[in-house]
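Asks: Sharing a structure with you now.
Every read-out reported here was derived from the displayed coordinates using simple, explicitly stated rules and does not represent laboratory data. Keep in mind that what you see is a predicted model, and the values were worked out from it rather than measured.
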Amino acid sequence: MPAPVLPLMRGYLSEVRPWLMQRGGEDHDVLWVTDRGRPFDPNFLGMKIGGLTKRLTGVRVPPHLFRDAAATTLVRLSPECAQLIRPLLAHAGFGTAEKHYIHAQGIEAARDYAEAVMRLRRGDKDTGKHKP
């Protein structure tokens, strides 16, 4: 666990969680609990995030898309960091990281293509980033 989070987690475990558990008369070992000490439904955060994004943007965005976007953005900004995706997202293999790498490269290729088309439309002679 990252060092800055430790004091917060200790406070939750030693004060907040026991208080919530007592408040609701609950006795179990589930880490994250409701305001009455009951275990959160496994889909609670997904439903909450989906509902919040729908309310704020008009589009329901499930939590998995945030993970997907983070991985793709990491590779777009630093392709050599593709190897960090597997441990970051706790994947067993490199296959998912490779998918994000390919996706990121596709995004860059599409942007380069769109830029070349726009230059051609404007009549520019240099239509690409790389000169032969």
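Asks: Grab the Cα-Cα distance for Glu15 and Phe44, subtract it from 0.36 nm times how many residues apart they are, and report the gain in nm with one decimal.
Replies: Extra length available between Glu15 and Phe44 comes to 8.2 nm.
Asks: Please compute the length gained on full extension between Arg119 and Ala69, using 0.36 nm multiplied by the number of residues separating them and subtracting their Cα-Cα distance.
Replies: 15.1 nm
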